[in-house]
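J.: One structure, pasted below without further comment.
The values are calculated or read from the model by the stated rules, or taken from the named source; none is laboratory data. A quick note: this is a predicted structure, and the numbers were derived from the prediction, not measured. Using ideal geometry, Cβ is built from the backbone for each residue, glycine included, and neighbour counts are taken over all protein chains shown. Just the protein is used for accessible areas: all its heavy atoms, side chains included, with ligands, DNA and RNA removed. Shrake-Rupley method; radii C 1.70, N 1.55, O 1.52, S 1.80 Å.
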Amino acid sequence: AMLDPDRGLSLTIARVVQRLQGSSLHSQLERQARVSLHKPEIKLESLKEDIKDFLKTSGWEKKLQNAVYSELNVFPSPCHPAAPPEHIKEPLAYMRKAQGSWEKRILKSLNSMCTELNIPLAQKRPVNEQKELLNKWNEMGTDEPDLSLFRPVYAPKDFLEVLMNLRNPNYENGEQPSFRNHLGLIQVPLRVKDIPELKEDFSELGLNIGQLGIDDSAQVPPEFFENEHVRVGQKVLAEQDSAAAQQYVRQGCPTALRADLWALILNVSNQPEDILYYEQLKSNVIQHDLLVDSLIYKDVKLTASNDDYYFVFEDYLYQVLLCFSRDTSVLEHFTYSSATPPKSYIQGKLGMEEYAVFYPPNVNYNSFILSVAPLCFLYHEPSKLYQIFREMYVRFFFRLHSISSHPSGIVSLCLLFETLLQTHLPQLFYHLREIGAQPLRISFKWMVRAFSGYLATDQLLLLWDRILGYNSLEILAVLAAAVFAFRAVNLMEVTSLAAAEAVLADLSTLKVMPLLQIFLFATVT
């Protein structure tokens, strides 16, 4: 149900106030206001105004603005007050149902692994093991446990199969008037944008606008643009304004400023209480052994050891992912995600809530690893790296692993990709379909991993700049279509799925920004 704008605004304000009231920022503001009472410039007769002025000049007002902005970016716009909570999670019942049965399938797979290997989902570590883990916390990569019996819970292609089988039950036998001519693998009628709408949304990527990641723009000499862009970036950082930073990174981040700009957009400041929180997660890892730990271990070994880029960050990857698997604050995000966190109990304590261990919502750690690894290039302090990853996950990455109708959700991205190809490269689309090489079978893994592990790192970071800048993952589908457009001549020659995959096997030499620009702004629509 739609709300009238005023009602929606007042609900939003009420929710943001409620969420900030329990935060450490709230107590810091109160403390600052009390401290200010002893200052000579604060007069009793104009107390309220003077304290407000003090909070403004001392930078606290900016911090509050950034916190509010962060809330507005992460949480969805409010539903009608009468709407049941599951509608906030996902308005379409068939999507909720599909997500529910996918979660059951994952949990069943975990449980059967426990039974086969005769190990519990969660148990307390013996004291000697705790000591040992604490001692090697910074070099977990040196361990070589035998994990041959552990198997990945699912692969991207299993998830794609589930998405291909989604149907809206309101339409019998595919009688969906506008949708009948969609010949891709995704068969649900969600509304996705066309190129004119995407051009408008991504207008800052236009051909006549300076961009980082474009070497030979005819309009602006790159070095002139870069010097000026760095100057503006330093100013944005000095101002400490999240909204300005988000607008700024749409044209790309200078390498030297990226870590600080991303942290500003995500409102991560690494306060003492954040560091303490990270330390608490770490001690939870030390004390409890989860089945998931072995899965994380196995995935990191496979991913890092096969990738020269990420190999050096192996120890960071363990630390971040093991802590993430213990982080109950991530559970908050399940109020607006179609997913529901699975729950398990420490051995012998079934049904006792204080012994419940919430399982990470998605146990395909391979994709997680690939979303942490690029962040290791930017952040070298574990608690900050951890917070940045957690924010990226609850804002963006969770949408790539859950079934929903959200425009940035993986179902919409798949549909957007297929629609762009079918509309703008119909010959290529039909050719690949005829030879049994449905394009989505190739591009799905790129999108589900946000292109991490496929693009060169500098290019990946330029792409992620734009994800943060536009607060949307739609650019992943646009890039996937642009890659097919770029290799179209070669793809028209192939006669099998294997041959098509070979043409698209190596994306490490691609330049992201020119591809996006040409596809969006030079395609005839």
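J.: Quick test for you: out of Leu476, Leu440, pick the one residue that is more than 19 Å from Leu370 (Cα to Cα) and out of contact with any Lys or Arg (no Cβ under 7 Å at 6 or more places or on another chain). If you could, list the steps in order and put the result at the bottom.
T.: On the way: Leu476 fails: more than 19 Å from Leu370 (Cα to Cα).
It is Leu440.
Quick grid of which residues meet (1) at pLDDT below 65; (2) touching a strand residue (DSSP E or B) at 6+ places or on another chain (Cβ under 6 Å); (3) of a type outside the set (Phe, Trp, Tyr):
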position: Leu295; (1), (2), (3): no, no, yes
position: Arg326; (1), (2), (3): no, no, yes
position: Tyr336; (1), (2), (3): yes, no, no
position: Tyr355; (1), (2), (3): yes, yes, no
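J.: Here's something else I'd like to know. Determine whether region 11-33 contains at least one residue that is on the phi < 0 side of the Ramachandran plot, open to solvent by 100 Å² or more (accessible area, probe 1.4 Å) and in contact (Cβ under 8 Å) with a residue 40 or more places away in the chain.
T.: Within region 11-33, not a single residue is on the phi < 0 side of the Ramachandran plot, open to solvent by 100 Å² or more (accessible area, probe 1.4 Å) and in contact (Cβ under 8 Å) with a residue 40 or more places away in the chain.
J.: If I filter region 239-256 for residues that are open to solvent by less than 10 Å² (accessible area, probe 1.4 Å) and outside any helix (DSSP H, G or I), do I get at least one hit?
T.: yes
J.: Go through (1) open to solvent by less than 40 Å² (accessible area, probe 1.4 Å); (2) touching a helix residue (DSSP H, G or I) at 6+ places or on another chain (Cβ under 6 Å); (3) closer than 29 Å to Val372 by Cα for Lys445 and report which single condition fails.
T.: Just one mismatch for Lys445, condition (1).
J.: Please name all residue pairs, on different chains or six or more residues apart, with Cβ atoms under 7 Å, provided the first residue is in region 480-508 and is open to solvent by 30 Å² or more (accessible area, probe 1.4 Å) and the second residue is of a type in the set (Val, Ile, Thr).
T.: Arg487/Val503; Asn490/Val503; Thr495/Ile435; Ser496/Ile435; Glu501/Ile442; Val503/Val494
J.: For Leu440, indicate whether it is closer than 28 Å to Leu266 by Cα and either touching a residue at least 60 places away in the same chain (Cβ under 8 Å) or surrounded by 20 or more Cβ atoms within 10 Å (Cβ to Cβ) (or both).
T.: Working: closer than 28 Å to Leu266 by Cα: no; either touching a residue at least 60 places away in the same chain (Cβ under 8 Å) or surrounded by 20 or more Cβ atoms within 10 Å (Cβ to Cβ) (or both): yes.
Answer is no for this residue.
J.: From the residues in region 257-277 that are in a helix (DSSP H, G or I) and open to solvent by 50 Å² or more (accessible area, probe 1.4 Å), which one is farthest from Gln28 (Cα to Cα)?
T.: Among those that are in a helix (DSSP H, G or I) and open to solvent by 50 Å² or more (accessible area, probe 1.4 Å), it is Asp260.
J.: Sticking with this structure for a sec: Whether any residue in region 228-245 is touching an Asp or Glu at 6+ places or on another chain (Cβ under 7 Å) and farther than 23 Å from Val478 by Cβ is what I want to check.
T.: Yes, that holds for at least one residue.
J.: Another question, if that's okay. Considering only helices (runs of 4 or more DSSP H) fully contained in region 407-525, which possess at least 2 residues that are small (Gly, Ala, Ser)?
T.: 474-486, 497-503
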